[in-house]
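Q: Below is the structure I would like to discuss, written out as structure tokens.
Computed from the coordinates by the stated procedures, all read-outs in this text should not be read as laboratory data. Only a predicted model underlies this, so the values are computations on that prediction, with no experimental measurement involved. Cβ atoms come from the backbone with ideal geometry, glycine included; neighbour counts cover every protein chain shown.
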Amino acid sequence: MPDPVSSGALQLWGGHECTVNRVGDRWLDQTVLSGHQDRLDDLARFAELGVTALRYPVLWERVSPNRPDERDWAWSDQRLGELRRLNVRPIAGLIHHGSGPRYTDLLNPEFARGLATHAAAVSERYPWVEDFTPVNEPLTTARFSALYGHWYPHARDQRSFWTAMLNQIDGVRLSVRAIRAVNPAARLIQTEDLGQSHATPSLADQAAYENLRRWATWDLLSGAVTPAHPLWADLARHGLGDRLRAIADDPCPPDVIGVNHYLTSERLLDPRPGRYPPHAYGGNDRRRYADVEAARGLAAGPVGLENLLRQTWDRYGLPIAVTEAHNGCSRDEQMRWFHEAWAAGERLRGDGVPIEAVTAWALLGSHDWNSLLTRADGHYESGVFDLRGEGGPRATAMVPMLEALARGRTPDSPALDGQGWWRRDIRFHYPPVGRTPSRARPKATAPARRLLLGDTSDGLGAAVRDACRHRDIAFRETSSGPRAMRGRRESFWAVVGARPGALVAWRDGGSERLVVSVADAFSSNDADDAAAIVARTLSAGRLVHATDLEVTPSFAPDAADAALDLLLDGETGDWRVAGETLPEIDFYRLIADRLGVDARLVRRVDAVDPRRTVFADRASVWTADGRTLPLPSLDSAVARFLARLPRRAPARRRAALPGCELKGDALASELIAAE
């Protein structure tokens, strides 16, 4: 097999989420959170994927956290040495969404020189390293740190924003100069998040400004921001004209433009009140407007990565790499997103656009990005490897797909038969803005492989059916139970049947079995669900009685998604998917809290009390051997459970459990905010 670099094929690069950022006096280090800090063998896992290069941290905050003249190279020495042994080229990152060590920050006049001193030390320590990203996403980091105030130093004004931006640009320029003094062949791979802003007509000027500003990182480094550039006046009015002249007179154009692109990168701006949730509204110094994902509200849909890469090539004429391609979603959606990026890269190469690589980012997943790293609440999105559960990083279905792409083969997975949510009507969370363009007739494709799904009459079975529909996984339903279904497996890639407290699946003709036990499932589409009864009873202002017995509430849709992910990953054997374990009474009080009702409506009783609303008995807690896959947080699960709860329960349930008589429809939807 020819080496991908020498053969001129599209390369597979990789990278683990390695941000070190600061919020107030709290530091968040993704390398520590993922456990990669202490797992050298992760690098062999990455190499086996077929990656030719790895974006890798040699971060200023980690090497010199306390004093600029005190450096600890032990961790970097071992890791970079191992990458060299594995014949994987490191792309050394020096700042990754950070503000530098505690003795500096993005607004410090000495920030750039300090970073350059670190860059020189890195290059002298590792003179064989040729690829560098001194600062990851300068524009994005400046926005989050000095315009929106999310990250340190928490500024919120235009002058601070542009000062932070220019400090990072100068940091890149001075760092590259210091690096090339040691290694003249060193390349600058400059990354930035690239999207596009769309707007209703009255906000066209704001969208135009943002679509100009998105190029600022590469325009500045290329020396293009001169008095003739549209951004010049904006920066000059903040007293930054002399700094712009110095940058333009001594540019440092990238050798490779690194495009990071996410489903959130393209935005829709809309000033109309009431069309979007309150948290979506912000604005500039003149107008208030909503800023939401274009995929969720733009009728025509986003322009997409391929068009953005063409725009980049037309603007700069430089080699390009997709340096981050990651989707924090279900396994099939993760695979579809990356596969689309790879296909776009190959099409562009066929048109003569020099796309060097597509990067599998967040190889180990990411932590707390749901809050833009402003909170450390344990939120985790899996990546190519899944860190949840025991046994270290677990290879997902992303692994064989990446291995195939890296080696020039066509990946084969039922997950790729469907379309991503961003290409289907389920993408709309808001009333569509604009017109949907007429679409050409889709090309004929092979029929999607189907999954055979058994009885879906209970909450867990129904959750699997709904998950398949939402995830565009083709399936056929049958009323047969798991045992009878095995004889009908030959025309399906897998069969799945529900039984009390578990899902049972057979893959590829039934030779391999997967059993997924679900601890204490609760569901919003099961009329007999005790959690639903509790919610309706509390919303009606009536008492609920509970015990101190421990339960493990597991939201059925989360359990169904986890089971489908495990099935796509090719897992077999016994698995347990479970939420958090807590006393029954605390679970009901969490429901009360999410409803906005007085938690004192939940009263403690003994297990034998006839008034008890039984969620689960102690004996029902799963105790079998097997591996465990934790589910998303219970707080998040309860919020989504309540948001999906039908407005009115069937009357037949009123006498089913003592003390849980229902009184009409008092569930106030405005108090239930789904995450």
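Q: Computed FRET efficiency, Cβ-Cβ of W75 and L318, R0 35 Å: what is it to the nearest 0.05?
A: The value I calculate is 0.60.
Q: Still on this structure, please answer the following. If amide hydrogens are placed 1.01 Å from N in the peptide plane, which non-local residues have theirs closer than 5 Å to the one on H198?
A: R267, L268, L269
Q: If neighbour count is taken as other Cβ atoms inside 10 Å, put T456, T140 in order from fewest to most.
A: Arranged by neighbour count, lowest to highest, T456, T140 become T140, T456.
Q: Something else: In whole angstrom, how far apart do the alpha carbon centroids of segment 251-313 and segment 364-441 sit?
A: 19
Q: Evaluate E = 1/(1 + (r/R0)^6) for A181 and R102, where r is the Cβ-Cβ distance and R0 equals 35 Å; express this FRET efficiency to the nearest 0.05.
A: With R0 = 35 Å, the Cβ-Cβ based efficiency is 0.80.
Q: Could you list D466, D219 so that the one with the fewest beta carbons within 10 Å of its beta carbon is first and the one with the most is last? It would help to have the intermediate numbers written out before the result.
A: Details: D466 18, D219 22.
Fewest to most other Cβ atoms nearby, the residues stand as D466, D219.
Q: Which of the following values of P(r) over Cα pairs in 20 Å bins from 0, in percent was calculated from the structure shown: [x] 11, 19, 15, 16, 14, 11, 9, 5, 1; [y] 16, 39, 27, 13, 5, 0; [z] 17, 47, 31, 5, 0?
A: Here the calculated entry is [z].
Q: Ok, one more. I want the local charge near F475. Using Cβ-Cβ distances under 12 Å, sum +1 for each Lys or Arg and -1 for each Asp or Glu among the other residues.
A: Surrounding charge for F475 is +2.
Q: Right, next: Under a 5 Å amide H to amide H cut-off, with H placed in plane at 1.01 Å, what residues pair with Y152 once short-range neighbours are removed?
A: The answer is R22, V23, G24.
Q: So, one more: Please give the direction-averaged projected area of the C-alpha convex hull for segment 50-125, in square nanometres with one decimal. Please report the intermediate quantities before stating the final value.
A: On the way: hull surface 20.7 nm².
Computing the convex hull of the Cα atoms and averaging its projections yields 5.2 nm².
Q: Report, in whole Å, the centroid distance computed from the Cα atoms of segment 184-241 and segment 26-81.
A: So the two Cα centres are separated by 31 Å.
Q: Taking the Cβ of R71 as the centre, find all other residues whose Cβ is under 14 Å away and add up their charges (Lys, Arg: +1; Asp, Glu: -1).
A: Around R71, the surrounding residues sum to -3.
Q: When every alpha-carbon pair in segment 366-411 is counted, what percent end up more than 18 Å apart?
A: 47
Q: Let me ask something else. Counting other C-beta atoms within 10 Å, which of F132, F615 has the fewest, and how do the rest follow?
A: F615, F132
Q: Going by average Cβ neighbours within 10 Å, how do the peptides 358-369, 172-183 rank, with the highest at the top?
A: By packing density, highest mean first, the sequence is 358-369, 172-183.
Q: For segment 82-147, go through all pairs of different Cα atoms, get the mean of 1/r, take its inverse, and jot down that Kirkwood value in Å. Walk me through the intermediate numbers first.
A: Details: mean 1/r = 0.0761 Å⁻¹.
Roughly 13.1 Å, rounded to one decimal.
Q: Something else about it: Per DSSP H run of at least 4 residues, take -39500 (n - 2.57); add these up for the chain, divide by its residues and hand me the 222 nm value, nearest 500 deg cm²/dmol.
A: Values: 22 runs with 213 residues, N = 675.
Estimated from H runs of four or more residues: -9000 deg cm²/dmol.
Q: Report relative contact order for the chain in percent, whole number only (criteria: Cα-Cα under 8 Å, sequence separation at least 6).
A: That works out to 10 percent.
Q: Which parts of segment 143-176 would a label at A376 reach, counting a residue when its backbone N lies under 20 Å from a point 7 Å out along Cα-to-Cβ?
A: The answer is 145, 150-154, whose backbone nitrogens lie closer than 20 Å to the label point.
Q: Moving on to the next point. Give the peptides 84-91, 144-151 in descending order of average Cβ contacts within 10 Å, highest first.
A: 144-151, 84-91
Q: Let me ask you something else. Rounded to the nearest 0.05, what FRET efficiency is calculated for S491 and A343 with R0 set to 25 Å and r the Cβ-Cβ distance?
A: 0.30
Q: So, one more: Relative to the longest principal axis of the chain, what angle (0 to 90°, nearest 10) does the C-alpha long axis of helix 111-125 take?
A: Approximately 90 degrees, to the nearest 10.
Q: A further question follows. If amide hydrogens are placed 1.01 Å from N in the peptide plane, which non-local residues have theirs closer than 5 Å to the one on E477?
A: HN-HN under 5 Å from E477: L453.
Q: For segment 262-402, what ratio Rg/Rh do Cα atoms give with a Kirkwood hydrodynamic radius?
A: 1.02
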